[in-house]
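The values are calculated or read from the model by the stated rules, or taken from the named source; none is laboratory data. As the structure is a computational prediction, the values presented were derived from the model and not from experiment. Neighbour counts are summed over all protein chains in view; Cβ atoms, including those assigned to glycine, are modelled from backbone coordinates with ideal geometry. SASA here: full protein model, heavy atoms, side chains in, ligands and nucleic acids out. Shrake-Rupley method; radii C 1.70, N 1.55, O 1.52, S 1.80 Å.
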Amino acid sequence: MKLYSTLDREVVQIKPLVDNTISIYNCGPTVYFNMHIGNIRAYINWDILYRAFLYLGYDVNRVMNLTDVGHMTADEDFGEDKIEKSASSEGVKPIEIANRYIRSVLADFRKMNILSPSGEEIDPNMDLGKLKEIGFLRATEYINEMIEMIKKIEKNGYAYETKQALYFDISKIPDYTIFTGQSLDEKAEGVREEVNVDPDKHHPADFVLWMKRVGKYENHIMHWKSPWGDGFPGWHIECSAMGTTVLGDKFDIHTGGIDNMSVHHPNERAQNIGTYGRPVVSYWIHNEWVVMGDDSKMSKSSGKSFLLEDILKMGFNPLDLRYLYSSVKYNMKLNFSKEALEGARNSRLALINRLTELKKKSSGQDGKILPSYVKKFKEYLDDCLNISKVLALINEIIKSNEKPEDILTTIYDFDRVLGLDLEVSLVENGLSIPDSVLELVEKREEARKGKNFKLADSLRDQIMNMGYRVVDTSDGFNIEEI
Ligand SMILES: [Zn+2]
């Protein structure tokens, strides 16, 4: 497979360390708030990446972290711990915040048909003690591994201690700013504030490996014993420690958002070099942001963001969002608007309609997967996950003269990567709607044709009350369960 590699600054052929096996570490969410749909984009991209590797015949070892300690506000060393801040404002313990928002992440992932890192369908009500078994790693469960790694970094001469913290000395990593190409002086300018907080810090961009429970953090609730005193780990060490513990001291792919390119990932890479004397990750892959009309990033702090919940209330299906996100390559900005989402919904429903028609025409026997289309499908996956070409290919197959059952079987096979639940949607959409609802839908169509829009609207409301929604499309309408 070819992917855009940030450090190579170009699209490269991914060459795994071990033949036919791919190891992937996904930087995951900090669990202190409900994700907005901008955050969710990354996880859909990496879900498709994972499914694509499986489809192409690889064995995949994959994990994703859940940050439940040490991530400070504004990504600073001396901010407030995001989890503890939420906990104190809500008057509960940090672990309650972490558990609550882990459940929220699991629920969103399930709705979006995102598999667990190890490939299972996610049960949002699962026992949280079993997260590790399905590839989700909680930072607080790897404190010992973090301490062991920090000890090595210190022993290798990459760290220094002040009264407040143990720091990584970035002057020891000559290509520290390799991700952005920024000069270290520019970088220093950006983090100058921090020198004021700890006057013993050598370089403004040196970062915390271990924060002591002193001064500002005297009352930090989450804390552990360590060779540098009672305290808690810096944010970045968790990914280095968990990645190398679970995937080994060399692995293939590490993903994250482009916002990780200036601080989090240079720090992770520095820690890896500090521990092993060489880099650990072969390919760093970054996803672009979801932007709004004026090209600004969708973010919680800007106040311009939608939760998954919000778009469901607007009448969308979570898979409409998945369809929209799939159609844009992960390394391109994605412009989100209600109109774009409506477009995706129409395309998804039109696809289901066509498949429903094919199902009616099919012999009812098992079809076969059409090899010439599989070849093209694989080519498009290989090309940086070009799903928009896959969607066009699906339309091409539908219009072909192949047998309906073969067309359906081939498209269901592709859906193992797309994750649009096409077969299930087909059943819901075409085959299981009660007659009473269908009668109302027919009456509504007649009313619309006769331009009696008032009656049509009232019939639409009645249909809604029965748990269904009629969605008009360019070539007719669809009926969806609410
Ligand atoms: Zn990370």
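A few remarks follow.
- For region 433-482, the Cβ-based charge dipole about the Cα centre amounts to some 300 debye (Lys, Arg positive; Asp, Glu negative; other atoms uncharged).
- Each DSSP beta bridge with both residues in region 8-111 is either parallel or antiparallel, and the antiparallel ones are about 20%.
- Within the chain: Cβ-based charge dipole about Cα centre, in debye rounded to nearest 20 (Lys, Arg +1; Asp, Glu -1): 640 debye
- Selection from 468, 458, 437 lying farthest towards where the dipole of region 433-482 points positive, charges on Cβ: 458
- Beyond 28 Å in Cα-Cα separation lie the following of the pairs 297/399; 338/389; 333/378; 130/378; 132/329: 297/399; 130/378; 132/329.
- Nearest-ten-degree value, helix 404-418 long axis tilted from longest Cα axis of the chain: 20 degrees
- Rounded FRET efficiency, nearest 0.05, which uses the C-beta distance separating residue 100 from residue 436 and R0 of 30 Å: 0.15
- Ordered by solvent-accessible area of protein heavy atoms (1.4 Å probe), largest first, the residues 480, 446 come out as 446, 480.
- Probe 1.4 Å, accessible area per residue of the chain, Å²: 44 Å²
- Cβ-based charge dipole, region 2-287, positive-most Cα from 245, 167, 18: 18
- Region 433-482 - percent relative contact order, Cα under 8 Å, separation 6 or more: 27 percent
- Inter-label distance, nm, simple model (7 Å from Cα along the C-beta direction), residue 123/residue 162: 4.9 nm
- Relative to the dominant Cα principal axis of the chain, helix 338-361 is inclined by about 50°.
- For region 123-187, averaging the sequence separation of C-alpha pairs within contact (under 8 Å, six or more residues apart) and dividing by the residue count gives a relative contact order of 12 percent.
- Sum of -39500 (n - 2.57) over DSSP H runs of 4+, divided by residues of the chain (222 nm, nearest 500): -13500 deg cm²/dmol
- Partners for residue 300 among lysines (Cα-Cα distance below 16 Å; same-chain residues under 8 apart left out): 82, 85
- Helix 387-399 and the longest principal axis of the C-alpha atoms of the chain enclose an angle of approximately 20°.
- Global form of region 2-287, assessed from the alpha-carbon gyration tensor, a/c cut-off 1.5: oblate
- Restricting attention to region 177-335, close to 45% of DSSP beta bridges with both partner residues there are antiparallel.
- Sequence-separation-based contact order of the chain, relative, with Cα cut under 8 Å and 6+ spacing, percent: 17 percent
- Estimated FRET transfer efficiency when R0 is 56 angstrom, pair residue 93-residue 365 (beta carbons, to 0.05): 0.45
- q = 0.21, 0.26, 0.29, 0.30 Å⁻¹, region 433-482: log10 I(q)/I(0) [Debye, one scatterer per Cα]: -0.66, -1.00, -1.20, -1.25
- Surface composition of the chain: carbon and sulfur atoms hold 48% of the protein heavy-atom accessible area at a 1.4 Å probe.
- Integer Hz, Karplus 6.51/-1.76/1.60 couplings in order for region 239-253, x for Gly and Pro: 5, 4, 5, 6, x, 6, 5, 8, 9, x, 7, 9, 9, 7, 10
- DSSP assigns beta bridges within the chain; of those with both partners inside it, close to 55 percent run antiparallel.
- Ranking 114, 258, 57 by Cα position along the charge dipole of the chain, where only Lys, Arg, Asp and Glu carry charges on their C-beta atoms, puts 57 farthest toward the positive end.
- When +1 charges are put on Lys and Arg Cβ atoms and -1 charges on Asp and Glu Cβ atoms, the dipole computed for region 110-237 relative to its Cα centre reaches about 260 debye.
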